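Report on the following structure.
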Amino acid sequence: MVQPVFRFAPSPNGYLHLGHAFSALLNLDMARASGGRLLLRIEDIDRARCRPQFEAAIFEDLAWLGVTWEAPVRRQSEHLEAYRAALERLEARGLIYPSFETRAEIARLVAERERRAPWPRDPDGAPLYPGDAKRLSLAERAEKIAAGAPFALRLDMRRALAQAGALDWSATGRGPAGETGTIAAAPQAWGDVVLARKVTPTSYHLAVVVDDALQGITHVVRGEDLFWSTSVHRLLQVLLGLPAPTYHHHRLILDADGNKLSKSTQATGLRELRAQGVTPGEIRKLVGLQ
C-alpha cells in the first residue's frame, strides 16, 4: 500500500493568516490520521513579490502552530529546469504558442468584443484570451521574440482537449456547490491559459502539476477557491503523463464581511494574533478544528 503524501505550499509574498493556518493544520491532521507524510513547498516563482523575510516568517508561524514537515523544503525557484522541460514537451506536441498582447491590449480587445455580446470569463471571473496569436506563422513569432517583444506562452486549449479526451478527478472534500466524488473536468472554461511568460518561466498551473508529481504527492488538500483550477491541472497531468492525486478542497476562512482573507488583513494575521497572546490551541478553535 502506498503511503499517503500531503503538502502545504504557501507563497512567501506576505505573512500567513488564519486561512493558511486552517489549511496547514488540516493537511497535518489528515496526514497523521492516514499514517502519511507532510511536505512543505515554498511557491516563490513570483520574484517581484516574494521576500526572504516572508519565507522566514512562514517557518516561524508553522513551528508556533505545531506543524511539522519532512526535510528538505522544496523551493520552486530552485527547479526552473523542471518546468522548462515540461514546456518543451508540450511544445513538441504543438500545444503551446506565444501571444504578444499586453494586458492593456487584451482589456481593449475584450471591451471591443463586449460591445457586440458578453465575452466569456473563466471561473475566477477573468475574461478568456481574446487575441489571435495562434494565427501568426512560426516566422512571425520568431521575429517578434528575436526583437525582444514580451510574450506569454499559452496552452492551445482546443488542441490539448483533442489529444487528452474526457477528463475527471477524484474529490474527497466538497466543491463550492457541494460537488464531491468523481468530478468531470472542464478545462475549456479557462480558455488558452498562460503557462509561462518571458520574464516568469512558469505559471502556477504548470508548476504545481510538475511539483506534485516530482514530490510524489498523493493527496492535495487546499481551499475551494482552487476547485475548478483542478480541471486545468488534470489536463496538464494527462498531457505530461503525470499521476493524478486525490483532491480535497476545504472551506475558506472568511472575514467579517464574508470575503476571502488577504495577506494584508492584519486582524487575522498569525503574527498579530500571536502578539496578542492567542495560543495555537485557540487558533485551532478559531478555524473550526478540534
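What follows draws every value from the coordinates through simple rules; no lab data is involved. Predicted model only: the values in this text are computed from it and were never measured. Every residue, glycine among them, receives a Cβ derived from its backbone with ideal geometry; neighbour counts consider all protein chains shown.
For the chain, the mean projected area of the C-alpha convex hull, equal to one quarter of the hull surface, is 17.0 nm². The ranking of D192, D44 by Cβ neighbour count inside 10 Å, starting from the fewest, reads D44, D192. Lysine pair count for the chain with Cα-Cα distance under 23 Å and sequence separation of 8 or more or different chains is 5. Comparing G173, V193, A82 along the charge dipole axis of the chain, the residue lying farthest to the positive side is V193, per the Cβ-charge model. The residue list P280, S99, V208 was ranked by how far each Cα lies along the charge dipole of the chain toward its positive end, using unit charges on Cβ atoms, and S99 comes out on top. About its Cα centre, the chain has a charge dipole of approximately 280 debye under the convention of +1 per Lys or Arg Cβ and -1 per Asp or Glu Cβ, with nothing else charged. What the Cβ-Cβ distance of E114 and K134 gives, at R0 = 30 Å and to the nearest 0.05, is a FRET efficiency of 0.90. In terms of its alpha-carbon gyration tensor, the stretch 7-163 comes out prolate; a/c meets the 1.5 threshold, and the first ratio a/b outweighs b/c. Of the beta bridges in the chain, as assigned by DSSP with both residues counted there, near 50 percent are antiparallel. Taking other C-beta atoms within 10 Å as the exposure proxy, T68, T182, T200 rank T182, T68, T200 from fewest upward.
Please say if the stretch 135-278 is rounded, prolate or oblate, where rounded means a/c under 1.5 for a ≥ b ≥ c the square roots of the C-alpha gyration tensor eigenvalues, and otherwise the choice is prolate for a/b larger than b/c and oblate otherwise?
oblate
Could you put I183, I145 in order, starting from the residue whose Cβ has the fewest other Cβ atoms within 10 Å? Please report the intermediate quantities before stating the final value.
Numbers: I183 20, I145 14.
Going from sparsest to densest Cβ surroundings: I145, I183.
How far is helix 18-33 tilted off the main Cα axis of the chain, in degrees rounded to 10, range 0 to 90? It works out to around 80 degrees. What is the stretch 125-172 by shape, rounded, prolate or oblate, if you read a ≥ b ≥ c off the alpha carbon gyration tensor as root eigenvalues and call it rounded for a/c under 1.5, prolate for a/b larger than b/c, and oblate otherwise? Taking the square roots of the gyration eigenvalues as a ≥ b ≥ c, the stretch 125-172 is prolate.
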